Structures are given as structure tokens and as C-alpha cells.
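Have a look at the structure below before the remarks.
A short reminder: the numbers here are calculations on the coordinates, not readings from a lab. Remember, predicted model here, so these are calculated numbers, not experimental data. All Cβ positions, glycine included, derive from the backbone under ideal geometry; neighbour counts span all protein chains shown.
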Amino acid sequence: MVGIIMGSDSDLPVMKAACEMLEELKVPYEIDVVSAHRTPEKMYDYASKAHERGLKVIVAGAGGAAHLPGMVASLSPLPVIGVPVKSSNSIDGWDSVLSILQMPGGVPVATVALNGAKNAGILAAQIVSAGDQELQKRIIEYKKGLKSSVEKKSEKVKTNYHP
């Protein structure tokens, strides 16, 4: 249901977080390396046919110039979530953030934080859940778990911190 792509396998340590969230929420996904610059034909084919293969959302991670999410969004009718990746050739990640964030009118890319693949996975699941009540229930339970986790941390801090 979700396609996860990245410009290079060096992006995998970041993009794994999207995979982990989709696995936790039981959302099927595929993953691949699709470079906008080194394999433009593959990118074109992937983006223009993803909806025909049953994908509902594409999560695209890229560092440096970070053209992959925007180029995919220009070719696909599917929602695209861009994950800016702080790469070795990056300007502290800002080049990637701005490249993905500053899309021209008519070619939207939902953009998460630098290295924010976990949120991209959650957002992809939320988009898919608009037509899947069982998935929506799993997301509700996940969010309840977040609340519970914070409440436990709050109690621990109040118990262990004595001014």
C-alpha cells in the first residue's frame, strides 16, 4: 500500500524508521532505491505507474539536492511524503529540507522533519487509514500508547526529582 523509496542506500538507516512504523501498524509496504539523478528512467517508471500497482502513498527520502520527492510528485497522482535526509554531502541538512519543502504550486509534497522517517511512516498510515477503519483503530491505539508513555515519564520525573 505504501512505497518507500530513497535516492541511495546510504539513506536506509534513516528510512528504516518509516518501515518500522508501517510494520507496527500492519501496513504493507515496498522499499527500493530510486535515484532521481542516477536512474531517472527508473524514477519515471516507478512514479508514473505506482498507482496502477495499488500503492496509495509514496514516501521518498533524499539528501543533498533532494530532488526525488518533488520529481516523483510531479509524475504521480498519489500523495508523496518527502523525508529530507542529512547526508554526507549535505549543508547540515538545510539543502534537503528546503529542496523538498519549497515545491512550486501544483506539485505538493508533504514534508516531515530532517531525518523524520518515523513521522513519514505514521503519516502514510494515516492517509491510507482514511479508507480503512481497522487501520484507523490501530493508529488510535498507537496514539493512546504515546499518551500513556508520557504519563509514565511524567510520574517518574515527579517521583525522582526533588528540588
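For the chain, just the Cα set please: Rg and Dmax, both in angstrom.
17.2, 62
In a Gaussian network model over the chain where Cα atoms closer than 10 Å are linked, find which of Leu75, Leu146, Leu114 has the largest mean-square fluctuation.
Taking springs between Cα atoms under 10 Å, the residue moving most is Leu146.
On a 26 Å Cα-Cα criterion, which of the cross-link pairs Lys16/Lys156; Lys16/Lys144; Lys16/Lys42; Lys49/Lys143 come out too long?
On the way: Lys16/Lys156 30 Å; Lys16/Lys144 23 Å; Lys16/Lys42 21 Å; Lys49/Lys143 33 Å.
Too far apart for the 26 Å limit: Lys16/Lys156; Lys49/Lys143.
Arranged by the count of other C-beta atoms within 10 angstrom, fewest first, what order do Met21, Met6 take?
Working: Met21 22, Met6 25.
With the fewest neighbours first, Met21, Met6 line up as Met21, Met6.
Using amide H atoms built in the peptide plane, which far-off residues or other-chain residues are under 5 Å from Val57 H to H?
Amide H neighbours of Val57, under 5 Å, 5+ apart: Gly3.
Take Arg138, project a point 7 Å from its Cα along the Cβ direction, then tell me which residues of region 23-66 have their backbone nitrogen under 20 Å from it.
Correct set: 23-32, 54-60.
Express in nm, to one decimal, how much length is gained between Ala130 and Asp9 on full extension, taking 0.36 nm for each residue of separation and deducting their alpha carbon distance.
Length gained between Ala130 and Asp9: 40.5 nm.
How big is the dipole moment of the chain about its Cα centre under a simple scheme where the beta carbon of each Lys and Arg is +1, that of each Asp and Glu is -1, and everything else is neutral? Debye, nearest 20, please.
640 debye
When only DSSP loop residues count, what chymotrypsin sites (Phe, Trp or Tyr not before Pro) in region 74-163 have their Cβ near at most 11 other Cβ atoms within 10 Å?
Tyr161
Please arrange Ile5, Ile140 by how many other C-beta atoms lie within 10 Å of their C-beta, fewest to most.
On the way: Ile5 28, Ile140 11.
The fewest-first ordering by Cβ neighbours comes to Ile140, Ile5.
Can you compute the modelled spin-label distance between Leu146 and Arg38, with each label point 7 Å from Cα toward Cβ, in nm?
3.4 nm
Taking other Cβ within 10 Å of each residue's Cβ, how do His162, His67, His37 sort, fewest first?
The most exposed by this proxy come first: His162, His37, His67.
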